[in-house]
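*Asks:* What follows is a structure written as structure tokens; I'll ask about it next.
The values are calculated or read from the model by the stated rules, or taken from the named source; none is laboratory data. Owing to the predicted nature of the structure, the values given are computational and were not obtained by experimental measurement. Here Cβ is always computed from backbone atoms with ideal geometry, including for glycine, and neighbour counts include all displayed protein chains.
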């Protein structure tokens, strides 16, 4: 009897018990809850990391930023960081959607940042097309409108020169010639602030055109000392970027420290300098600028 039962068990084994795992939806829920908890517990720490690496391009990092934006409703600066991360990943449509989330009154500084980001959205959208593409005309018109917004907002000659070069690179000859004419007109009529105040009558844009990066920076920094406080950042950053254009990164850091005092508490300037320090392989200095931007005490000297 027992042998028959044993033979029957061998011929017809009982079904195996399978391990029970949670469903994919439940697993995703747990991961999301964990990220949400970390976001709530350590927002400043993670913002510090994200701010120190503006080229936030991985999907995981961007997902984290998206969660932060949903938690910190109305945090304009955080939305701008998210939009910048999308642009660094060459995702202009997502950046555009992020900028559409902005609500309430924006400071003049934030408005300038929004203008610059919207310009980059339109530039990237145009850059990936070529004349003759069915979408080219609409993209070119949107780009030209955004350039005109920047012109009307008071873009400097150095900035107009950059937009002119980028329009040419994107194949937009119409905008290129428009900006080229505007630059020439400004130079002839002496509209540029640096041209009016520089004792030699030379503009930063003309110095850059000749490859005189240090001269262009000197004009920008000279002008910075003459303009009102709310305009100083534009010329400070213009001077630093002039040196960057010549790949003079050590000079850029040195001159930035030299002229930083009037902008020592300006968050946008400090974040700009943190990116400069990172590109110059100076993470110690970048951390120092980031801590200042977040209102934290310096952890060390980290001089340039």
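*Asks:* Search region 194-212 for residues being assigned to a helix (DSSP H, G or I) and surrounded by fewer than 21 Cβ atoms within 10 Å (Cβ to Cβ), and hand back the single one that is modelled with the highest pLDDT.
*Replies:* Of region 194-212, the ones assigned to a helix (DSSP H, G or I) are 194-197, 204-209.
Filter once more, keeping what is surrounded by fewer than 21 Cβ atoms within 10 Å (Cβ to Cβ): 196-197, 206, 209.
Values: 196: 44, 197: 45, 206: 69, 209: 63.
The selected residue is 206.
*Asks:* Name the residue that is farthest from residue 231 (Cα to Cα), counting only residues in region 248-281 that are within 19 Å of the chain's Cα centre (by Cα) and assigned to a loop (DSSP other than H, G, I, E, B).
*Replies:* So the residue we want is 281.
*Asks:* With the structure loaded, tell me whether residue 117 is over 25 Å from residue 79 (Cα atoms) and not assigned by TED's automatic domain parsing to the domain that holds residue 271 or whether it fails that test.
*Replies:* no
*Asks:* Within region 112-143, work out how many residues are more than 21 Å from the chain's Cα centre (by Cα) and surrounded by fewer than 17 Cβ atoms within 10 Å (Cβ to Cβ).
*Replies:* Within region 112-143, the subset more than 21 Å from the chain's Cα centre (by Cα) is 129-141.
Checking which are surrounded by fewer than 17 Cβ atoms within 10 Å (Cβ to Cβ) leaves us with 130-138, 141.
Residues meeting the conditions: 10.
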